[in-house]
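Following: one structure in C-alpha cells, then a few remarks.
The values are calculated or read from the model by the stated rules, or taken from the named source; none is laboratory data. Just so it is clear, the model here is predicted, and its values are computed rather than measured. Note that we place each Cβ from the backbone using ideal geometry, even for glycine, and neighbour counts take in every protein chain shown. Side chains are part of the model used for accessible areas, which takes the heavy atoms of the whole protein and leaves out ligands, DNA and RNA. Shrake-Rupley method; radii C 1.70, N 1.55, O 1.52, S 1.80 Å.
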Amino acid sequence: MGLGFREQLDNILSVSGQTTAGIVTGLTTLQNEIEAFKKACIQAKNGLEALGLNSHTIPDGQFEVGVLIPCQLVDQKLATLVKELEGWNKIVRGFQEVAGDEEREVTVSGLASGSYEIYLPLGYVAAKLISRTIDKILAWYLQILEIRKRRLEIQELGAPVAEVANVKRHEKNLLDTEITKLAKDLVKEVHPKVDANRRNELETHLKISIRQISRFVDKGGLVEVDSNTPEEPEEPTAPEGEEENTEQTKEYENLKKNFDRLNSEFERVSQVLKLGSSLRALPERPEPILQLEDANDEDSTDTKKTSRKKPSEKK
C-alpha cells in the first residue's frame, strides 16, 4: 500500500497507553479503509477499460526507464520541458552505447497525463547499468543527508566557520569522487564492439550523465527501471532412489536444466528491478542538498548514432 499505509500503521501501534482493544479497533478501521480503496481501484480500472483506456504494459523480456519530471523543475514552460527531454535523450543514448545496442535512437513507449512522465524502452544491459546508477545515487544522497545533518548541528553549536566550510568541501569532493568512480566502473562493462578509442569519451559522457541524473533527483525528480517480473520457478523433485529408472532420471535432468535457466532469468531481472526502484526510499526533498548546481555539465562528446543499412544497400 506504500508509505501512507505504513505511517497509519505506525500511528496505531505507537499511541501511548494504547490498549489491545484500541489497537484492534484501529487496525479494523484501517482494514476497512483498505478494502474501500481496493474496491474503488477495481471500479476505476473497469470503468477506464470500458472507455477503451487500457493500462500500459511492458513486453516480456523488455525493460523501461520511467522518468517523472516535477512541474516546478520546468516551471510549466514548454521550452524548459523540451530541454529536459533533450537531456534525457543524451543520457539514455550514452548508456545504450556502453551496452552495445545497435539501434540507439531513443524511443518513447508511453506518456502519462496529469504530470510530466515519460517511459523509454531499454535492453537488459542498458537497464542494468541505469539501475546501478540509480542505486548509487540513493546511497550518495542518504550519506550526504546524514553529513549535512551533522554539519548543521555543528553550525548551530557555534563551531568556527572554517570547520563548517571544510565539511561542505568534503561533501562536494565525496560526490565528485564517487561519480568519477562509478563512471569508470560502468565503462568497464562496455560492449566489446565499441571502439577502444571511444571508451574514454564514453567515460566522460557517463560522468556528465550521472551528474545530471543526480541533480535531477536532488531537485525532486524520480527515475525508475521497470519490467515484467518473471514468475519464480519451482524446483523439481528428484526421483526417489528405489523407484528410480533411466526415464525418470532423464526427465528430472531436463526439468532441472529448465529450472536453472528460469531461475537465473528470474534472479537477474529481480536484481535489476530491485536496484532500479531504489529511489522509492528517498525522503521528501523540500530543497536541493547536493552541491552540483555550479558544475559544468555541458556534454561536448555527443553519442554516436548508428544506422542500419537496408539489404539492397549492403555490398
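T133 fulfils the conditions (1) under 23 Å from V67 (Cβ atoms); (2) open to solvent by 40 Å² or more (accessible area, probe 1.4 Å); (3) of a type outside the set (A, V, I, L, M, F, W, C); (4) part of a helix (DSSP H, G or I) except for a single criterion, (2).
When the residues of region 206-235 are filtered to those that are out of contact with any Asp or Glu (no Cβ under 6 Å at 6 or more places or on another chain) and of a type in the set (V, I, T), the one that is nearest to S270 (Cα to Cα) is T229. Here Y141 clears all of (1) part of a helix (DSSP H, G or I); (2) among the hydroxyl-bearing types (S, T, Y); (3) in contact with a strand residue (DSSP E or B) (Cβ under 6 Å, 6 or more places away or on another chain) except the condition numbered (3). For S16, the conditions (1) of a type in the set (S, T, Y); (2) at pLDDT 90 or above; (3) farther than 30 Å from E287 by Cβ are fulfilled apart from (2).
Take the residues in region 272-287 that are assigned to a loop (DSSP other than H, G, I, E, B) and farther than 14 Å from Q143 by Cα; name whichever of them is most open to solvent (accessible area, probe 1.4 Å). I'd like the intermediate steps shown before the answer.
So in region 272-287, the residues assigned to a loop (DSSP other than H, G, I, E, B) come out as 277, 282-287.
Restricting the remaining residues to those that are farther than 14 Å from Q143 by Cα gives 277, 284-287.
Numbers: S277: 30, E284: 171, R285: 47, P286: 129, E287: 92 Å².
So the residue we want is E284.
Among the residues of region 162-206 satisfying the criterion of being part of a helix (DSSP H, G or I) and among the β-branched types (V, I, T), which is nearest to the chain's Cα centre (by Cα)? Looking at the filtered set, the residue picked out is I179. Restricting E232, E224, E153 to residues that are closer than 30 Å to L262 by Cα, surrounded by fewer than 12 Cβ atoms within 10 Å (Cβ to Cβ) and either modelled with pLDDT under 95 or out of contact with any His (no Cβ under 7 Å at 6 or more places or on another chain) (or both) narrows the list to E232. G17 fulfils the conditions (1) assigned to a helix (DSSP H, G or I); (2) open to solvent by 60 Å² or more (accessible area, probe 1.4 Å); (3) free of Cβ contacts under 8 Å to residues at least 24 places away in the same chain except for a single criterion, (1). Filtering region 240-256 for residues that are touching a helix residue (DSSP H, G or I) at 6+ places or on another chain (Cβ under 9 Å), surrounded by 14 or more Cβ atoms within 10 Å (Cβ to Cβ) and on the phi < 0 side of the Ramachandran plot leaves an empty set.
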